[in-house]
Every structure is written in structure tokens, then in C-alpha cells.
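As C-alpha cells, the structure follows; a few thoughts come after it.
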Amino acid sequence: MAKDNVTAPDLTAAHAAPLNTNEAQPQAACRQQDAAANAATADHGPDAASSIAPTVVEQVTTSDKIAWSSIIMLGMLTAFGPFCTDLYLPAVPTITRELNTDASTMQLTLTTSFLGLALGQLFIGPLSDAFGRKRPLYASLIIFALSSAACAYAPNITFLVIARLFQGMAGAGGIVLSRAIACDMYQGARLTQFMSLLMTVNSLAPILGPIVGSLITTFFDWPAMFLFLALWGVLLLLGSLKAVPESLPPVKRSPQISAAIMDMLKEFTNARFMCLALSLSFVQGSFFGYLASSPFIFQTIFGLSPLAYSLVFAANAACITVAANGAGFMAKRFSEPFVVKLALVWQLIATAAFGLDVLLELHNIVLVGLSLAIFVAMMGAAQTAGFGPVMGSRSGGAGAASGLFGVLTFIFGAIAAPLVGLMGETSMLPQFLVMVVCTICALILFHFGLKRHNF
């Protein structure tokens, strides 16, 4: 599909040669191939569509290729929500004291932020299907900057909680729109390769967020952290004006917002989409469980210092990056579903190794560390390779489907995170059970989803 004139190198060497931009390719042929790709998706799923889609893309023009500056910008937008949350964590104790509140009330600022990140995707996705990708993105970034400034000047905890809700809703725009733009630009194996690049940028958020937050709180008062986020929102807005293309032309937009919302609601009756989306939501849920339990596993149980734990955390984030890029590389030679299933099998193997330590009470930090590193790395591979099949199975607009998919992942994360602490800070058994249940459910749903037809 043709896009705005954004010339750039292709994502892979296989597509590095310039394509013919003359009008030798009749539009009728393009429409026939698009119809063939859609029919293959409906009848045989993403596997069949991916074999046709690259041909369609290659025979259009170089205008559908996206610049590396746009890749970096979209990656930063994808990391919007996680970076916003991680940056803020080092200042939580200080804010609690200075606003004269308690820890449980202070947790509401985190809860409302996650709630905003989830709800925002439901609203912004359909809006982008009706008005294009750029206008909702600009509105999200402006609201994010304003709400971040409001957080900096919050006079009390109630005001801060409300401001964080709007900050989360605005931050959701970067997540859902970057995914929707990716679906507009690519499909099949090339979409998987593109998502691996976004995952590379996104995986830096949990590493850089706490570090930047700690530096700010070391030299400045806590309002400076939110002013930094406001400035960051303005810079992303300026960067988006220049680097992010409008990937949804008017002819492909929903005629009304109500139609876009109905498209999203129809996805609930799309068995293929729901099975594949729920499968990756289970994968994401197990990862949220790891995020919640890892500080207690490595610091409380194994006695690592905060610095040593941060190094372990950073190493696991690096493993996610490597696995995500590996998934993009494998997608050029194998089907995306094969890569997802392979990643889930490796997650089962890592879970078995982790369970060996838990059930036999070995307390071997090397075994636990390696098994968790493999487990989270395979999360990166599964999410990267699975995104294409999920979005390829949608029946409506990419924005609405991306928003629904994002909400599901947040819901499963919110469910899994508290479960890992049910037996206290010194037990790894709940984390093991979460890993087992989530991985098995993900495998079953993904396999079942591939067998279903779209409704």
C-alpha cells in the first residue's frame, strides 16, 4: 500500500535494491494482489498472507519505506508508558513525605497511571482509524506535556492522582499509534522485522527509566522529574512533526467514529483474533509477574544489593532485545507462527528449569537467573513474531485492533502481578505457577487461534 513520501533505506538487505517507481505496475494488479492477500488471511491465516504480502509491498513503490529516524521515534513512542512509570519510581518515597500522605494512597498514582494507559488505548485506537494517525498522536503528546507539568505543580495527592490518570491516557497514544502505523506500513515477515526494531528501542525503557529518575532526584527536587517528562513530551511532538509519516490515507479511514468503535467491538466476535491476542496477553501477563517478583527473588531471597539487582535486570532487558531481533531474523526464513511456538516451547523449558530449583529447594542463583533470563527473552521473541499474526487476523481497523490488544495485555499484567506475592516475599512458588499456567495457556490459545477463521 502506498504511503506518504518518506524515502529511506529498507529494513533488510533482501529489499535494499531500489524498486521501480514508474507506473509500470497497473493499479488493478495491485488491487488484485491486495484482494488475494486478504483472502489468504481469511481462509488460511497469517501464514498464507505473509507469503503474498511481501510481494505486494515490493511491487508498490519506495514511498512505503520508513526512515530510521521514524523507527527511533516510533520506538520511543512505544516506550512512552513504561518510561513514564519507571522514571517516576525513585521519587515515590520523597513525594509521599512532601505531600503528607501514606504509602497506600501514594500507590494510587501508579494505579491510575496504568488505568490511563489501558483506557487511553481504547479511545485513541478508534479515533486514529477515523481521523488518521497523526492528529491523535499530536493531541496525545500535547495532553501528556500539560498533564506532566500539572503533576510537577500538584498541591496535594488528590490532584496528583488525577493528573497521573490523564498522563497515562495520553501516554497510551504513543503505544497504540506506533503499532497501528507499523501495521499500515508493513505486513507479514517485514512487519515482524519492523516490530523487532521497535522492541529494541522499547527494551531500553526499563534500563534507562530508573537511572534517569535517580539522577534527577539526586540533584533536583521531585517536581523536576515531571517537568523533564513535560519537556520530553514537547520534544517528541516536535520530532513526530518531522519524522512520523501519516500512514493512513483518507480513503482508508472509517467514515465515522462510531464505525471505528463498532469495528473494535466486532473483534470480540472474531475467534481468531481473540485467541491469538489472548495468547500473547498470557505471555505479557507472565512477564508482568516477573517484573513484580524479581526484586524479591534476587534481593530478598538471594541477597543481592540494589546495584547488583539492577545489573541483572539490565542484562535481562538486553536478552529481550537480542531475542526480539532474532525473531525478526528468523521471520525471514520461517513463518511467524513457527517462531512464536518455538519461543513458547523455550519458555516451557525455562519454566521447568526454574521449577526444578523451586520444588527441590536448590536455591541456586545461577539456575534461577539463567532460567528467568531465557524466559523473559522468549517473551520478547513471542511478542515480536506474534504481533503480525494477531493484527493480520483483525476484521476492522488497525487502530481499534491495536487498542483492544493493548488493553488485554495490561489487564493480564494487572492480574498476574499481585499473584506472584501471595505466599510472601521469600517464596518463588507463586512465580513458578504463574509461569506454568500462562505459558501453557498461551501455547493452547495460539495453536487453537491458528485453526480458526475470521468472523
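The values are calculated or read from the model by the stated rules, or taken from the named source; none is laboratory data. Predicted model, so just to flag it, every value in this text is computed and none were measured. As a convention, Cβ positions derive from the backbone with ideal geometry for all residues, glycine included, and neighbour counts pool all protein chains shown.
Observations
- Scanning the stretch 331-352 for residues that are surrounded by fewer than 22 Cβ atoms within 10 Å (Cβ to Cβ) and aliphatic (A, V, I, L, M) gives L342, V345, L348, I349, A350, A352.
- Boolean, F405 is modelled with pLDDT of 90 or more, crowded, with 23+ Cβ neighbours inside 10 Å and either touching a Lys or Arg at 6+ places or on another chain (Cβ under 9 Å) or among the aromatic types (F, W, Y) (or both): no
- Which listed residue is surrounded by fewer than 24 Cβ atoms within 10 Å (Cβ to Cβ), at pLDDT 85 or above and of a type in the set (A, V, I, L, M, F, W, C), from L204, L227: L227
- Sole residue being under 21 Å from G413 (Cα atoms), in a helix (DSSP H, G or I) and either of a type in the set (A, V, I, L, M, F, W, C) or modelled with pLDDT of 85 or more (or both), chosen from L160, L77, L141: L77
- Residue match in the stretch 83-101 (condition: under 17 Å from the mean Cα position of the chain (by Cα), at pLDDT 80 or above and part of a helix (DSSP H, G or I)): no
- Matching residues, the stretch 377-398, being over 18 Å from G449 (Cα atoms) and in a helix (DSSP H, G or I): A377, M378, M379, G380, A381, A398
- Look at (1) polar (S, T, N, Q); (2) surrounded by 16 or more Cβ atoms within 10 Å (Cβ to Cβ); (3) under 30 Å from A385 (Cβ atoms); (4) assigned by TED's automatic domain parsing to the domain that holds S395 and you find that T269 fails only one, number (2).
- From the options A150, A145, A170, A163, residue that is surrounded by fewer than 20 Cβ atoms within 10 Å (Cβ to Cβ) and of a type in the set (G, A, S): A150
- Filtered residues of the stretch 235-253 (kept if surrounded by fewer than 16 Cβ atoms within 10 Å (Cβ to Cβ) and assigned to a helix (DSSP H, G or I)): L235, L238, L241, K242, P250, V251, K252
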